[in-house]
Structure formats: C-alpha cells, structure tokens
Amino acid sequence: MKKYKLGFIGYGNMAKAIIGGILRSGILDKSQIATSDPLCKDADGIFCTSDNDFVANNCEYLLLSVKPQVFKSIEFTCSAECVISIMAGIDSEYIGKKLNMEGKIIRVMPNTPAQIGKGAAAIAVNGLDEKHNAFCKAIFDSVGQAYFIPEDKFDAVTCVSGSGPAYAYYFAKAMIEGGVVNGLDKETSKKLTIETIIGACEMIKANPDVPLGLLISNVCSKGGTTIEAVNVFENCQMDKIVIDAMTACRKRSEELRADK
C-alpha cells in the first residue's frame, strides 16, 4: 500500500493546474498527493520534497511534469503502478526504458488552457487496464476534456490542440488590431473580439452536425459586408496557409521525437 495516491515530479504551472482540477472535482484530497520539486514553493498544504526517489516510490501513480531535457538528465527509481507523462516529444517507449517500467506508461498531451479548466488533452491508447486509464482520464477531464487517441497520432495532436492555442491567440491579435485600424479603441476591439470568438466556438459546439461551411455562409449575405472579408481570406488562400503552418508544426514534433 503506497502512502500517496498520486505523485508529481515537477511542480510548475501545469502541475499546479492539474492539482487544482483534481481538488475541485473531488477526485483526491491534498493528503493523497505528493510533489517533488527543487524549490518546493507554494505547495499550499500539499506534501512537497526535493527527493524524486521518495515521491516515485511512495505513490500509486506518478505524473511526470518536468521539461523533457530535465527528465533526460535526472535519475531516480520508480515503483509506481502507473506513470503518466505530459512531457512533449518523449514517447512512452523511451520513458518505460529509462525507468525500467515498460508497459506501465500513459502518455498525455494537454494544452495550456488546462490552467483555467478549459484544456483539451489527448491520452495515448495503450495496453494498461481500465482502472489506470479511467483514473488518468478523470484527472484530465478535471481541467477540460480528455480523449483517447493512439500515440502514433501524437505528432498530429501537437499541431492541433498542443500548439493550437497560439494560433487562436494569433488570429485574435489580428482581429483586435483590425478593429483599431478601422476606428475602435483597443479595449473595445479586444472585448468584442474575445466574445465573438467564444460565441462562434459555442455555435460550433451547439451545432455538431452543421458543416462549418454552412455556418460561414449563414453569416454572409449576398452583396453584404461579411462576404467581402471572406473573399479576402479565400483569395489569400488562408486555409492553405493554416494547413501549411500546422504541417510545419507536426514535422518539427517528429524531428524532436527523433532526437530523443
């Protein structure tokens, strides 16, 4: 019987966000969680130590939330039942061999909106039993929505949800600047942009069977204003630009994985 249910190697922003979700959802309480971090600051009542071996050997589940280069450079033993990794670019095979725990690794790719409970996470489909997979999904559902996806698709996941928040921020930034150029003050343009993007995304969720092309055309009146903006997007081949950018992102993910 392990002393703690869940341990964290690394206690940065993402680990804190995940712990916050776990506590809010009631999956665990503070006494069931342990963390390891060199600084051990702001643990807020959660056990924290700088001893990786202690956490890795006294927790039923171990969650790796350090940077990939840090993981490669540190050494510790592990006797957890299951290891969950949110490290980008390091596959479960590498982790299993390094920790001598082949077959006990669940790789997860969350994204930064998990910090506000709105994340999208991919959980690698693997051979672990239902108990371990269900516990892992509950963790990441507590900070957003989690989906089971084969690990060999994780480079594609990187270019969609992993890096995707940056694309949304980029488009929002352009919209805000466009509002200012066309006569709005920056704060008003920012407020309208944020609510418009949120509303549009909610419309997509509320109409899952409606093609996005139809949602676009529903806003575009013939001879009206919106179609003029959409025509510019189409003339610039904006869809191709986005797809090319995402493909470049996926290829870089593949390169980083190959360099492990």
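The values are calculated or read from the model by the stated rules, or taken from the named source; none is laboratory data. This is a predicted model, so every value here is computed, not measured. Here Cβ is always computed from backbone atoms with ideal geometry, including for glycine, and neighbour counts include all displayed protein chains. Accessible surface is based on the protein model in full, side chains and every heavy atom, while ligands, DNA and RNA are left aside. Shrake-Rupley method; radii C 1.70, N 1.55, O 1.52, S 1.80 Å.
Surface analysis of the range 128-260 yields an accessible area of 69 Å² per residue, using protein heavy atoms and a 1.4 Å probe. Placing unit charges on the Cβ atoms of the charged side chains and taking the dipole of the range 3-114 about its Cα centre, the candidate lying farthest along the positive direction among 99, 86, 31 is 86.
Starting from the coordinates of the alpha-carbon atoms of the chain, obtain the Kirkwood hydrodynamic radius over all distinct pairs and give the value in Å to one decimal. Every distinct Cα pair counted, the radius reaches 20.5 Å.
Working note: 222 nm ellipticity from helices only, DSSP H runs with n ≥ 4, each -39,500 (n - 2.57), summed and divided by the residues of the chain, gives -15000 deg cm²/dmol to the nearest 500.
Ordering 107, 250 by accessible area with a probe of 1.4 Å, largest first, what comes out? Don't skip to the end; give the middle numbers.
Details: 107 10, 250 70 Å².
Result, largest first: 250, 107.
Ellipsoid fit via the Cα gyration tensor, the range 1-46: semi-axes of 16, 13, 9 Å, each the root of five times an eigenvalue, largest first. Residue order by solvent-accessible surface for 201, 59 is 201, 59, largest first, with ligands and nucleic acids left out and a 1.4 Å probe.
Using Cα-only point scatterers and the Debye equation, what is log10 of I(q)/I(0) for the range 45-137 at each q in 0.12, 0.17, 0.18 Å⁻¹, rounded to two decimals? Computed log10 I(q)/I(0) values: -0.37, -0.77, -0.86. How many percent of the accessible area of the chain is carbon or sulfur, using a 1.4 Å probe? The computed percentage sits at 58. Of the residues 182, 17, 241, the one whose Cα sits farthest towards the positive end of the charge dipole of the chain is 17 (charges of +1 on Lys and Arg Cβ, -1 on Asp and Glu Cβ, taken about the Cα centre).
In plain terms, the C-alpha convex hull of the range 82-135 casts an average shadow of 3.9 nm² when viewed from every direction. Each peptide in 187-198, 4-15 was scored by the mean count of other Cβ atoms within 10 Å over its residues; highest first, the order is 4-15, 187-198.
Reducing the range 1-60 and the range 64-104 to their Cα centroids gives an inter-centroid distance of 16 Å.
Only protein heavy atoms count here; on that basis, with a 1.4 Å probe, residue 236 has an accessible area of about 80 Å². Quick one: check the C-alpha center-to-center distance for the range 199-260 versus the range 115-149, whole angstrom. Taking the Cα centre of each part, the range 199-260 and the range 115-149 sit 26 Å apart. Measuring from each cysteine beta-carbon in the chain, the ones with no other cysteine beta-carbon under 4.7 angstrom are 59, 78, 82, 136, 201, 220, 236. Pull out a ≥ b ≥ c, the square roots of the eigenvalues of the alpha-carbon gyration tensor of the range 1-83, then state rounded if a/c is under 1.5, prolate if not and a/b is larger than b/c, and oblate in the remaining case. Oblate, since a/c reaches 1.5 and b/c is not below a/b. Charges on Cβ only, +1 for Lys and Arg, -1 for Asp and Glu, centred on the Cα centroid of the chain; of 108, 166, 48, which one is farthest towards the dipole's positive end? The residue sitting most towards the positive pole is 48.
Across the range 119-254, the convex hull enclosing all Cα atoms gives 144 Å³ per residue.
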